[in-house]
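A short write-up of the structure that comes next.
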Amino acid sequence: MSTSIVQPLASEKLNDDNYGTWKSNLNTILVIDDLKFVLTEECPPVPAQNVNRTIWDAHDRWTKANEKAKVYILASISDILSKKHEKMVMAKEIMDSLQALFGQPSSSAMHDAIKYVYNFRMKEGTNVREHVLDMMVHFNIVEVNGAVMNEKNQGGFIMESLPKSFFQFRTNAMINKIDYNLITLLNELQIY
């Protein structure tokens, strides 16, 4: 993982008054590293020894992703909070505990983030990666403050925010009914 992605975690350690920003940064990093699923999906049960390799691979993938997400979370909170939460096995347990301690949804922050996502448009010639990451941060603010915006809708907002130079890309995705996840969409836009 690059230093530029880790930097927000190191510089914005969780404290009493920055929970929303901290969670938004963490969610963005978990999405970029394809780890966020451990916060929403249950761990697959430990398979029997005689099952096929695909089932073992799914379990191993979830377990490794959970460990990595847990490290990111613990590294981005104070030492006291880290000590309190290090014995928890699941990243979701830690996040639920931190939500109970610090997370009070703000309807005005949610409204502002939704308004931003709805109205934001990328200017021709600007960096598409920065644009998409900025949109992802605002999706996370919406989520942190209690609204649900699924990944398909998020991708739709990103596609609609693109300038005319991405018309062919959008048209191709629409005609071929391609539903990109956010990471794939980010990568495809950068290639385009």
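None of the figures in this text is laboratory data; all of them are computed from the coordinates on show. For clarity, every value in this text was computed on a predicted model and none was experimentally measured. We place every Cβ from the backbone using ideal geometry, glycine too, and count neighbours over all the protein chains shown.
Tabulated data for the structure shown
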read-out	value
Residue that is in a helix (DSSP H, G or I) and without any contact (Cβ under 8 Å) to a residue 24 or more places away in the chain, where the choices are PHE167, PHE157	PHE167
Scope the stretch 72-96; condition surrounded by 12 or more Cβ atoms within 10 Å (Cβ to Cβ), free of Cβ contacts under 8 Å to residues at least 40 places away in the same chain and in a helix (DSSP H, G or I); matching residues	LEU74, SER82, LYS84, HIS85, GLU93, ILE94, ASP96
Looking only at the stretch 61-90, and only at residues there that are charged (D, E, K, R) and within 21 Å of the chain's Cα centre (by Cα), the one that is farthest from ASN25 (Cα to Cα)	ARG61
Candidate set from the stretch 140-154 (those that are without any contact (Cβ under 8 Å) to a residue 40 or more places away in the chain and surrounded by 15 or more Cβ atoms within 10 Å (Cβ to Cβ)); member that is farthest from THR28 (Cα to Cα)	ALA147
Extreme residue, surrounded by the most Cβ atoms within 10 Å (Cβ to Cβ), among residues of the stretch 20-48 that are β-branched (Val, Ile, Thr) and more than 9 Å from the chain's Cα centre (by Cα)	VAL38
